[in-house]
Amino acid sequence: MGQRVLRHDWAGTSLGSPDRWPNALRSTVELMLPHGFAMIVLWGPDLIQIYNEAYSDLMRDKHPGGLGQPTRKCWPEVWHINAPIYERVFAGETVTIDDGLYPLARSGEVDDLWLTLTYSPVIDRAGVTAGILVTIVETTARVQVEKRLRASEERFRALVTAGDRTIYRMSADWRIMHQLDSRTLAVTAEPIEDWVGKYIPLKDLDRVNAAIKVAIDAKTLFELEHQVAFADGSVGWVLSRAVPMLDRDGQIVEWFGVADDVTDRHRMQERQAVLVAELQHRTRNLLGVVRSISGQTMRSSETLEQFEAAFNQRLGALSRVQGLLSRSENEPITIGALLRSELDALGGNEMPDRILTQGPEVQLRKGTVQTFALALHELATNARKYGALANGKGRLEVTWCTYTDETGDRLKLKWWEIDLVRSREEQSTVTKPGGYGRELIERALPYSLQARTAYDLMDTELICTIDLPSVGRCEPKD
């Protein structure tokens, strides 16, 4: 998608050429493209669409034609839903929709999709909302499971057996009398309090007993979702319902009950909650990091041109990190992968005889990667512009090892630039006391990552060491 966005004919849209895009738009696009969640930027009065790979999967045959298209033209079938939301966002509001129904016309048919979306304003330099960033998590599968569960209410009342279900009859005092059908629970003829004590997990006992008492006293429907021990010994969730059968005098004669296994839905809901929480957490963190980078870069730049160049380079480093993080569930992030990503971005792969990287495959903590990567970027940029890789004979050696002390597993990295040919006055942002790179290494890393750092610039050498906690060495793949 990054290449497709670069090749697109933007001159035919109201956005114009990308080299004229405002910083707010470029920054948002660079952060969005490598993200694992479906995301789309809607920019300007026409709400021109720019989206990432995950979002293109939702579009089906509307991709790639939807790139650079006004969103109203691309999605006319949901304009009546989105238009009022866009008005709220342009007024400065962040809007979150949980499990919203969006009938999307794709591949010649209309599909009902349930989505959880966050619409966030993107603020330009003048402090005005210039665009909208939309993040999306599809919840169709979970919502459909819940719809099927609600539909089972009618089947229950007719005592139709379907799926993982236990149906039973009980006497008025809740002594189980006869088991009609059981696929999951162990049901026997015994007092209900004994059965509850055997099969209901301890943390739900009081809640279940209280609900039973209320149902008996009020002669009303008993309905409760709770944990239970199944007949096979596993622990899951059931939705229990029981209906009182009354005689002519209004007294309870017996109960008909059903317990539906809803374990899969509960697990899906828990997974969905984790995904949404992670999305919101990452988005907040990213915005905070971008603000910090912007402020630090502005303070160290003498002209707007210097700010733009440095800011875009640092956003590029941040974007590369997001790409690694989006794949981290399947590909653990290692120090080697992170280092190669930064060096290759600056042309390090074109000078293999002058760069040595050596060390074990060490997995990094997710919370460590972002700040550590920015520090490596500053060191690499310094080496390329002013240090060992700026002349024809300098060399760079980056080595690392692991060890264990009283704080746990740790990773120690040594950055060694050899044969520098420059004066001490030729310093980059990393070498200036108070500069952004120097602050990252000497202040941010120790504060946020419990790192131990040292930075020593000599006449012909530069040695920087970074010692920080790690997850440990990666297991070799088969």
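The values are calculated or read from the model by the stated rules, or taken from the named source; none is laboratory data. It should be emphasised that the depicted structure is a prediction, and the values quoted were computed from it without experimental measurement. Cβ atoms come from the backbone with ideal geometry, glycine included; neighbour counts cover every protein chain shown. These accessible areas exclude ligands, DNA and RNA; they are computed on the full protein's heavy atoms, side chains included. Shrake-Rupley method; radii C 1.70, N 1.55, O 1.52, S 1.80 Å.
Identify, from the list Leu33, Leu67, Leu6, Leu58, the residue that is within 24 Å of Ser294 (Cβ to Cβ) and surrounded by 13 or more Cβ atoms within 10 Å (Cβ to Cβ).
After ruling out the rest, the residue left standing is Leu33.
Would a scan of the range 130-146 turn up a residue that is polar (S, T, N, Q), modelled with pLDDT under 95 and in a helix (DSSP H, G or I)?
Scanning the range 130-146 turns up at least one residue that is polar (S, T, N, Q), modelled with pLDDT under 95 and in a helix (DSSP H, G or I).
Which of the residues spanning the range 80-113 are hydrophobic (A, V, I, L, M, F, W, C), open to solvent by 30 Å² or more (accessible area, probe 1.4 Å), part of a strand (DSSP E or B) and in contact with a Leu (Cβ under 9 Å, 6 or more places away or on another chain)?
Result: Ile97, Leu101, Val110.
Within the range 419-476, count every residue that is among the basic types (Lys, Arg) and either at pLDDT 65 or above or assigned to a helix (DSSP H, G or I) (or both).
3
Quick check, is Pro18 touching a Phe, Trp or Tyr at 6+ places or on another chain (Cβ under 8 Å), closer than 19 Å to Phe311 by Cβ and open to solvent by 20 Å² or more (accessible area, probe 1.4 Å)?
For Pro18, the condition - touching a Phe, Trp or Tyr at 6+ places or on another chain (Cβ under 8 Å), closer than 19 Å to Phe311 by Cβ and open to solvent by 20 Å² or more (accessible area, probe 1.4 Å) - is met.
List every residue pair whose Cβ atoms sit under 6 Å apart, with the two residues 6 or more apart in sequence or on different chains, where the first one lies in the range 224-239 and is surrounded by fewer than 13 Cβ atoms within 10 Å (Cβ to Cβ) and the second, anywhere, is assigned to a strand (DSSP E or B).
Filtered contacts from the range 224-239: Val235/Ala229.
Working only within the range 382-412, note down all residues that are out of contact with any Asp or Glu (no Cβ under 7 Å at 6 or more places or on another chain), assigned to a loop (DSSP other than H, G, I, E, B) and surrounded by fewer than 19 Cβ atoms within 10 Å (Cβ to Cβ).
Once the filter is applied, which keeps residues that are out of contact with any Asp or Glu (no Cβ under 7 Å at 6 or more places or on another chain), assigned to a loop (DSSP other than H, G, I, E, B) and surrounded by fewer than 19 Cβ atoms within 10 Å (Cβ to Cβ), the range 382-412 yields Ala390, Asn391, Gly392, Glu406, Thr407.
Report yes if Leu33 is at positive phi and not assigned by TED's automatic domain parsing to the domain that holds Leu315, otherwise no.
The answer is no for Leu33.
Only residues that are of a type in the set (D, E, K, R) and either touching a strand residue (DSSP E or B) at 6+ places or on another chain (Cβ under 8 Å) or not assigned by TED's automatic domain parsing to the domain that holds Asp405 (or both): list them for the range 439-468, please.
The answer is Glu442, Arg452, Asp456, Glu461, Asp467.
Out of the residues in the range 258-289 that are part of a helix (DSSP H, G or I), out of contact with any helix residue (DSSP H, G or I) (no Cβ under 8 Å at 6 or more places or on another chain) and among the acidic types (Asp, Glu), state the one that is modelled with the highest pLDDT.
Ranking the qualifying residues of the range 258-289, first place goes to Glu270.
Taking the stated definitions as given, is Ser292 of a type in the set (Ser, Thr, Tyr), modelled with pLDDT of 75 or more and out of contact with any strand residue (DSSP E or B) (no Cβ under 7 Å at 6 or more places or on another chain)?
No.
Within the range 3-77, considering only helices (runs of 4 or more DSSP H) that don't extend past its boundaries, which have at least 2 residues that are under 18 Å from Ser120 (Cβ atoms)?
Filter on the range 3-77 gives 23-32, 53-59.
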